[in-house]
Structures are given as structure tokens and as C-alpha cells.
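Single-structure report; data block below.
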Amino acid sequence: MSKIVKALEMAKEARLSRSLQRQKAAEEAAVAAATAARTSAPTAPVEARTKAPPQRKKPVPVKDSLGPRTGHDIVRRKSSRAVIKTMDEVEPLSREDLADKKIIYPEMENQRVLNVFRDLRTTLLTIADGSNFSCLVTSAVPKGGSSFVATNLATAFSFDDSKTSLIIDCNLNAPNPNLPISQVKVGLTEYLEDDQLKAGDIIRPTGIPRMRAVSSGGRREIPAEYFSSDRMIEFLEEVQSKFRDRYTFLDGPSTKESADVKLLASLCDYILLVVPYARVTTSQVEATVRTIDQSKLIGVVFNNEPY
Amino acid sequence: MMEKTIALFITDVLRHKCLAAMLFAVISLIFLFTGTLWPQRYSASTVLSVDETSLISSLGRGQGMAGGSARGQEAFDRGAAAEQVLFKREVMLKVLEHGGWLDDNPSAAEQEQIINGIEGRTTVAGGKTFISFAYKDSEPERTYEVTTKMAELFIAEYSKLEIAESQEKLAFINQQVESYRAKLVASEKKLEEFKSANPDIREGSERQIGNRIDELGSDIDEAKLALRELEIKRDSLTKKLSGELEAGTNTQREKEYLDKLAELRSKLDELRLIYTDSWPEIISVKAQIAELETAIANHKLVGPDDSTTATSPSGDVTTALYQELRSQLSETETEIDTSTTRIKETIALRELEIGKSRRINKMEAVLAELTRDYETNEGVYDNLLLQRENAQVEHDEKLKSLTLKVLEPAVEPISPVGVQFIHFALGGLLFGLAVPLGLIYLKSALDPRVRLADTLMEELSLPVLGAIPTYMSPGERRRDLAGVAMMYGMVIVTLATYGVVGYMKYTGEL
């Protein structure tokens with residue numbers, strides 16, 4: 001337990017420093033955007049959502065018995081919701097489609113699954129202490145359910161209308177076929193290869209409100225070291241800092257499949273490990289845990305429990 | 001924890017539902033099928049009681065037959081020995097005939113097979129006081145018939161064996177008796193021959209001879225002593241005698257002198273009558289008388305003169321003592337002669353006896369051996385005669401009575417023994433359930449992979465943030481339901497088959 005506490009504390013510190021950085025960046029970006037907005041029409045695609053609240057409205061520190069942060073959150077939430085409402089969405093996915101893709105939706109019969117993901121979301125939020133984060137979801141073995149968990153976690157985050165989520169399919173060798181992405185033209189690999197592309201080109205809407213997805217892109221014969229490139233780092237930085245209420249989820253390959261996990265881990269705030277039921281031994285899990293950065297590992301999700 | 005384990009197990013089974021159901025169906029139906037085909041076995045047995053003193057009680061113990069004690073072991077397998085008696089070809093052929101196997105006229109090879117089959121289905125066991133036969137067959141009647149027949153044949157065979165053995169024993173003993181009788185007669189003859197060749201050699205003749213030798217020896221010694229005595233006596237006599245002779249001679253001489261003197265004097269007188277003293281003859285006679293007187297006077301002074309004794313006997317000068325002594329001396333001399341001769345003869349006799357004794361010693365050894373021989377043969381012969389009598393008595397007894405009695409006769413079996421249909425049916429269901437469940441349990445027990453979130457928490461101290469239950473897409477669910485349907489279907493089909501076959505068996509159609 002103490003290990004976890006320590007890890008959480010370290011993660012908290014890192015988080016705080018990063019969030020501060022991001023806030024700063026966000027402010028700067030907001031300033032820049034404001035100036036840009038004044039000069040040009042806001043015809044940009046989906047990314048037309050404007051700055052963080054500090055630019056629009058000065059956050060009034062509400063003196064709250066719960067603490068300054070919570071008050072801050074409430075203010076932020078209120079304002080985010082308004083902004084988020086203006087997001088561009090495509091036609092929502094039907095229930096059958098969602099069921100086929102094994103994606104949760106609030107009215108589903110299997111409330112148990114739904115609640116598990118909701119609880120997971122709450123836990124993550126508690127750990128994150130309110131600020132947004134990027135989380136890598138990986139598995140110990142291939143087809144261990146990391147895509148399922150990542151997608152549904154992102155979905156769970158999108159239920160809250162003050163938050164948005166982004167799921168990035170980083171599994172270049174085995175892309176997620178159930179990724180609820182629409183109008184996909186280019187994906188991550190294209191973006192990393194082509195400097196001309198912008199982040200907005202690859203971030204597509206899903207049929208799920210408030211949720212965006214980035215596909216992995218075309219398969220390449222010779223998989224280059226994509227994730228160690230600066231472009232990737234920048235992309236992630238941009239993605240996270242742009243909107244304070246966007247939660248990013250990286251659907252990573254399993255540690256067995258590729259060594260990219262370590263790279264991706266270094267780019268994220270948290271790591272979530274998915275352990276499928278009756279498919280891995282404890283030693284395999286142990287090995288996986290050793291490979292990835294232990295300080296960022298917030299926990300394990302047990303998947304496909306049959307009882 | 002327990003509920004979780006059970007829940008886990010059930011989920012495992014459901015994960016493998018198709019396979020489990022198939023295994024169940026296959027195993028159960030195999031059992032059912034085998035059960036219907038399994039032949040029914042009936043068993044009958046009979047027990048014979050064994051008389052301890054009989055031959056068969058020594059069957060397998062290695063006695064009863066001469067030279068059989070080479071085996072000499074106490075532990076025996078009466079059952080195996082009985083089997084040997086029963087499974088002889090002639091006996092088994094009779095069994096075949098009685099059991100009706102020969103009705104189809106099988107070939108020799110087939111007969112052999114049938115016999116092997118029967119032997120395989122027969123159990124022969126033997127103890128100290130019994131022999132039992134147990135036989136299994138597929139028909140109750142035949143089982144009974146074969147069992148009784150086997151017992152019958154066994155008793156008959158065994159009696160034959162007994163009698164044959166007894167006769168053999170008797171013959172052997174007879175032969176031994178004859179041979180020993182011949183030996184006895186021969187040794188008797190030898191003894192007689194020897195005794196007649198050496199009549200003086202008897203029991204204890206050595207001792208006798210020894211005594212005799214001692215006797216003779218002592219005789220000789222005595223005689224020698226006596227001889228010595230006699231010699232001494234002779235010597236003394238001789239001495240005395242010669243003394244007497246001297247004395248006699250002296251006396252004789254004196255007497256002669258005196259006689260002569262008298263003569264001379266008479267002569268003188270005569271002369272004097274005629275002549276005068278101056279006559280020369282008278283003078284010479286006077287001188288002679290004077291000389292003679294002097295000689296007598298000298299003789300008396302001097303004593304006897306030994307040199308003159310030798311010639312005395314002829315003078316016939318005897319005194320009474322001298323005569324006495326002379327007779328004694330001659331007596332003694334005679335005695336000495338006798339003694340000497342006797343001694344010589346005795347010595348010779350003794351030598352003879354010694355020679356005899358040496359000879360006897362040699363012969364005694366031979367005699368002793370012959371005697372021993374004879375006595376031994378006599379003893380053995382007597383013993384054999386006794387044994388023969390016993391054997392004869394036994395043999396006669398045997399001819400009269402059997403030593404095997406049927407203790408428990410066979411009974412026609414009513415119900416089959418061993419594994420039957422119902423066992424197969426129940427066993428099939430049980431196995432059909434147990435095997436797939438067991439395998440699944442084994443698989444999950446041996447599977448080291450993580451099944452419980454607690455394991456992750458405990459062993460790796462990782463925080464488990466959540467456990468997502470199985471969530472299937474509609475397609476997956478459809479497949480799952482199909483599997484469930486198939487599982488139920490197979491179980492129902494199997495049970496239905498069981499029901500049908502069971503009913504048919506019950507009503508006797510199968």
C-alpha cells in the first residue's frame with residue numbers, strides 16, 4: 001500500500017507541475033487565440049471552441065468550505081459546459097451499433113458494466129485531483145481488452161457534459177476495429193510522417209457526444225520509431241493543453257507486442273494496466289509492470305471477469 | 001472465498017459447455033452401449049472336503065511317492081495341484097461333451113480354444129481340508145452342469161490316481177522286501193561258510209585262547225620252579241650219595257680190610273696149624289695182616305679218598321642209607337626228566353596257542369563284519385516286512401472308501417454375478433458427469449493464470465481499480481446461447497436414450 005501511496009504522491013506532484021505548465025500554456029494560447037480571433041473569423045473546424053475560462057471570465061474565487069479548488073472546479077464546469085455545448089458533433093451512433101462495438105451507453109441493460117466504468121472514471125478523477133490528464137491504457141497480453149477498456153473509459157468520461165474525451169489508437173500493428181471514429185481520412189501514422197498535417201486533421205468525431213478519436217493510420221511495412229519523434233510529443237502536448245477539460249486516452253499495444261509502450265508511457269501522465277481474466281500468469285503481470293514506469297502506474301483493471 | 005471458487009468453477013464449465021456436454025454424451029452413451037452388449041455371467045461353485053491322511057493331502061507336499069521328498073517343502077498349493085488333475089485333456093474333453101460344446105463338431109483348434117476358455121473361467125482353490133471349484137458361464141444351466149461334472153470327474157480321476165499311487169507304493173515295497181531278503185540270505189550263507197571254515201573261531205574264543213595262553217604260561221613257570229627244586233634236590237642227593245658211597249666205600253673198604261684181615265687171620269690160623277711161625281707163607285701172611293691193620297688204622301684217620309669213589313659202584317658196596325638215597329635220586333632224576341619234557345611240551349603248546357590267537361584275531365574282524373552285515377539285513381528286512389503290511393492294509397482300505405466327499409454341491413445360479421447392465425448405466429451417467437467436470441476442474445486448478453482480482457492485489461500488491469464483468473456484443477451473445485442450447489440438447493438426448501434403453505432392458509426386449 002505504501003508503494004501506491006508514494007506513487008500517487010509522486011504522480012500528484014508531477015501532475016501539479018504539468019497542470020501548472022499547461023495552465024500557463026493555455027493562457028498564452030488563449031491570449032494568442034483571442035488576438036487571432038479578433039483578426040480572423042472563427043471558421044476553424046471542430047477546434048473552434050475558444051479559450052479557457054480565464055480569458056472569458058475571470059474566475060471568481062468562491063469562498064467555499066470545501067476548499068478553493070472545488071470552487072474553482074464548479075466555476076470551471078459551468079463555463080466548460082457552455083462551451084462544450086457548441087462542439088460539432090456528427091450523427092450519434094445507434095444503440096445497436098454501440099452494442100456491436102461493445103461501447104457502453106447510459107441506457108444499456110447491463111448496468112453493472114456501466115457502473116464499473118463510471119466507478120473507474122471517478123477513481124481516476126480522484127487520483128487526478130480534478131485536472132485533466134492523459135492516460136495510457138495497455139494490457140499484459142495482446143487482445144487483453146485494452147482497446148475495450150480505453151474506449152469505454154473515454155466514453156464514460158464523455159457522459160459528463162462538462163468533460164470531453166479523446167481516444168488515440170496507438171496500436172499501429174493491430175488497430176482497434178471498433179474505434180467509433182467517423183469520417184476518417186488520416187490517422188496517427190500519416191500525421192507523424194507528414195509535417196503539413198495539423199492536429200485537427202486527425203482528431204475526428206465519434207458518434208458519441210463529447211468524445212473524439214484519433215485512428216492509428218495506415219499500416220506501414222517497416223514500422224519506424226514514431227513515438228519517439230518530437231512531433232508526437234508536441235501533438236500530445238498540444239492536445240492536452242488546448243482544452244482544460246479534455247481527457248486523453250491512449251490505447252497502447254501490449255508490452256508483449258511492441259516496445260512502444262515504454263515510449264508512450266513517458267508521454268502520458270498515467271498508465272492503466274488491463275489484466276484479462278484467466279489469460280495471464282502473475283509472473284507475466286509482474287514482468288509487464290516492471291517494463292513500464294512504475295511511478296505512473298495508477299492501477300490494474302481486471303477485465304472479462306465472468307461472475 | 002468459497003462462493004467465488006464455486007462461481008469460478010461454474011463459469012469455467014459454462015465456458016466449455018459444448019465440450020463438456022459432448023464428453024458427457026459420448027461417455028454416457030459408450031457406457032450404455034457396452035452395458036447392453038455385456039454378457040451376463042453366472043457362477044456356480046462346489047466344495048469337496050479333503051481327508052487329511054489321504055494321498056491328496058500330500059499332493060503338492062512332495063510326499064507319498066518314494067523319492068518325492070526331494071521337494072520337501074511344507075508350503076504347498078493344493079489348488080494348483082488339483083488344477084493339474086482336472087485340466088488334463090481327457091477330463092476336459094468329457095466336460096466339453098457334457099456341456100454341449102461338441103454338438104457343433106468343432107475342430108481340434110477350436111476345441112483347444114474352448115478348453116482354454118473354460119479353464120480361464122474356472123477357479124480352483126485348495127486349503128488344508130477342502131478343494132473348491134468355481135465356474136462362470138453365460139448360461140445358468142450350463143454353469144451348473146459343468147460345475148457338477150467337473151467335481152464328478154475330479155473325484156473319479158483322483159480316485160484313480162490314489163489307487164495307482166498306492167499300488168505303486170506297494171509294488172515298490174515288495175521289490176525292496178525281495179531285494180533285502182536276497183541280501184539277508186546271502187549274508188547268512190557267508191556267515192555259515194565262514195563259521196564252518198573256522199570252527200574254532202567262536203564268540204569269545206579269543207578270550208579263551210588268551211586264558212589258555214596265560215594258563216600255560218603260568219604252568220610253565222610253575223613247572224620251571226618245580227624243576228629247579230628237583231634239580232636242587234638231585235644235586236643235594238647226589239652229593240649225599242657220593243658221600244655215602246665214600247662212606248660206604250670206606251666202610252666197604254674197612255669191611256674189605258676186615259674181611260681180608262679175617263681171612264688172613266683165618267688163613268694164618270690155618271697155616272699155623274700146619275706150620276710154624278717161621279713158615280714163609282705164615283710170615284707173609286702176617287706181614288699182610290700187619291699191613292692191613294696199618295692200612296685200616298690209616299684209613300680211619302685219613303678219611304675217604306675221592307679219587308677212588310668213581311670206581312666204587314661196581315664194588316657193590318651199599319649201605320641202607322645209600323640205597324635209600326640212590327632210590328630217591330633216581331626218583332628225582334625221573335621226575336626231572338618228566339618235568340623237563342613237560343615244560344618243553346607246554347612251551348610248544350603255548351606257542352601253538354599264540355599262533356592260534358594271531359590267526360583268530362584276523363578272523364575275528366571278518367566274523368564281526370559278517371555278523372553285523374547279517375544283523376543289519378535282518379533288521380531292515382523285518383522293517384520292510386512291517387511296512388509292506390501297512391501298505392497292504394492302506395491299499396485295501398483305499399479300495400473300499402473314497403477320501404473325497406462333496407461338502408457343498410453346486411447350485412443352479414439364479415442371478416448373474418459381476419458387472420451388469422445397471423452398473424454400466426449408472427456408471428455411465430456418473431462418469432459422464434465426472435469426467436468433463438473433473439477435467440475442467442483440473443484444468444482450472446492447474447492453470448496458473450490469474451482468475452481472481454484478489455490474487456493481483458495480494459501477490460503483486462497492485463491496486464485493482466475495477467473488475468469489468470464479461471460484456472458480450474449481441475453477436476457473441478447469440479453464439480453463446482447457441483452453445484447453451486446445444487449443451488442442453490445433448491444432455492436431454494443422452495438422458496432420453498438412457499430412458500429408452502433402460503425401459504427396453506426392463507421389459508426384456510434387449
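The values are calculated or read from the model by the stated rules, or taken from the named source; none is laboratory data. Keep in mind that what you see is a predicted model, and the values were worked out from it rather than measured. Glycine also receives a Cβ, built like all others from the backbone with ideal geometry; neighbour counts cover every protein chain displayed.
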- [ ] For the range B:2-15, name all the residues that are touching a residue at least 40 places away in the same chain (Cβ under 8 Å) and either charged (D, E, K, R) or away from chain A (no Cβ under 12 Å) (or both).
- [x] B:4, B:12
TODO: For residues that are crowded, with 20+ Cβ neighbours inside 10 Å and away from every other protein chain (no Cβ under 11 Å), tally how many sit in the range A:284-295.
DONE: 1
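What number of residues within the range A:105-117 are within 8 Å of chain B (Cβ to nearest Cβ) and within 22 Å of the chain's Cα centre (by Cα)? Walk me through it before giving the result.
Of the range A:105-117, the ones within 8 Å of chain B (Cβ to nearest Cβ) are A:110, A:112-113, A:116-117.
If we keep only those that are within 22 Å of the chain's Cα centre (by Cα) as well, we get A:113, A:116-117.
Selection size over the range A:105-117: 3.
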- [ ] Kindly list, by first and then second residue, each pair from a residue in the range A:250-266 that is of a type in the set (Gly, Ala, Ser) to a residue that is buried (at least 22 other Cβ atoms within 10 Å of the Cβ) and in a helix (DSSP H, G or I), limited to pairs with Cβ atoms under 6 Å and residues at least 6 apart or on different chains.
- [x] A:252/A:261; A:252/A:264
- [ ] Filter the strands (runs of 3 or more DSSP E) completely within the range A:195-283 down to those with at least 3 residues that are within 14 Å of chain B (Cβ to nearest Cβ) and of a type in the set (A, V, I, L, M).
- [x] A:270-276
TODO: For residue B:487, work out the one condition from (1) in contact with a helix residue (DSSP H, G or I) (Cβ under 6 Å, 6 or more places away or on another chain); (2) outside any helix (DSSP H, G or I); (3) of a type in the set (A, V, I, L, M); (4) away from chain A (no Cβ under 14 Å) it doesn't fulfil.
DONE: (2)
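Applying the selection to the range B:450-470, what residues are facing chain A (nearest Cβ under 7 Å) and either under 24 Å from residue A:126 (Cβ atoms) or part of a strand (DSSP E or B) (or both)? Lay out the reasoning, then the answer.
Let us first name the residues in the range B:450-470 that are facing chain A (nearest Cβ under 7 Å), namely B:450-451, B:453, B:455-456, B:459-470.
Answer for the range B:450-470, where residues must be facing chain A (nearest Cβ under 7 Å) and either under 24 Å from residue A:126 (Cβ atoms) or part of a strand (DSSP E or B) (or both): B:453, B:456, B:460, B:461, B:462, B:463, B:464, B:465, B:466, B:467, B:468, B:469.
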- [ ] Considering only the range A:188-208, state which residues are within 15 Å of the chain's Cα centre (by Cα), touching a residue at least 40 places away in the same chain (Cβ under 8 Å) and more than 14 Å from residue A:231 (Cα to Cα).
- [x] A:203, A:205, A:206, A:208
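Based on this model, can you work out whether residue B:443 counts as over 30 Å from residue A:293 (Cβ atoms), in a helix (DSSP H, G or I) and within 14 Å of chain A (Cβ to nearest Cβ)?
Details: over 30 Å from residue A:293 (Cβ atoms): yes; in a helix (DSSP H, G or I): yes; within 14 Å of chain A (Cβ to nearest Cβ): yes.
Yes; evaluated as a whole, the condition is true for this residue.
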TODO: Kindly indicate whether any position in the range B:156-178 is within 27 Å of residue B:386 (Cα to Cα), modelled with pLDDT of 85 or more and over 23 Å from the mean Cα position of the chain (by Cα).
DONE: yes
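Is it the case, given these coordinates, that residue B:409 is within 30 Å of residue B:141 (Cβ to Cβ), surrounded by 12 or more Cβ atoms within 10 Å (Cβ to Cβ) and touching a Pro at 6+ places or on another chain (Cβ under 7 Å)? Quick ask: steps written out before the conclusion?
Values: within 30 Å of residue B:141 (Cβ to Cβ): yes; surrounded by 12 or more Cβ atoms within 10 Å (Cβ to Cβ): yes; touching a Pro at 6+ places or on another chain (Cβ under 7 Å): no.
When the stated conditions are applied, residue B:409 does not pass them.
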Task: Those residues of the range A:71-108 which are in a helix (DSSP H, G or I), surrounded by fewer than 18 Cβ atoms within 10 Å (Cβ to Cβ) and modelled with pLDDT of 80 or more, in sequence order - done: A:95, A:96, A:97, A:100
TODO: Would you tally the residues in the range A:163-187 being away from every other protein chain (no Cβ under 14 Å) and within 15 Å of the chain's Cα centre (by Cα)?
DONE: 11
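Listed residues A:120, A:125, A:136, A:114; which is assigned to a strand (DSSP E or B) and either modelled with pLDDT of 85 or more or more than 18 Å from residue A:215 (Cβ to Cβ) (or both)?
Working: A:120 fails: assigned to a strand (DSSP E or B); A:125 fails: assigned to a strand (DSSP E or B); A:114 fails: assigned to a strand (DSSP E or B).
Criteria check complete, one pass: A:136.
Does residue A:131 satisfy the criteria of being modelled with pLDDT under 90 and among the hydroxyl-bearing types (Ser, Thr, Tyr)?
On the way: modelled with pLDDT under 90: yes; among the hydroxyl-bearing types (Ser, Thr, Tyr): yes.
Here the answer is yes, as residue A:131 does meet what is asked.
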TODO: Could you tell me which residue of the range A:161-190 is farthest from residue A:246 (Cα to Cα), considering only residues that are buried (at least 21 other Cβ atoms within 10 Å of the Cβ) and of a type in the set (Gly, Ala, Ser)?
DONE: A:187
Open item on the list: Being modelled with pLDDT of 85 or more and hydrophobic (A, V, I, L, M, F, W, C) is true for just one of B:402, B:465. Which residue is that?
Closed with: B:465
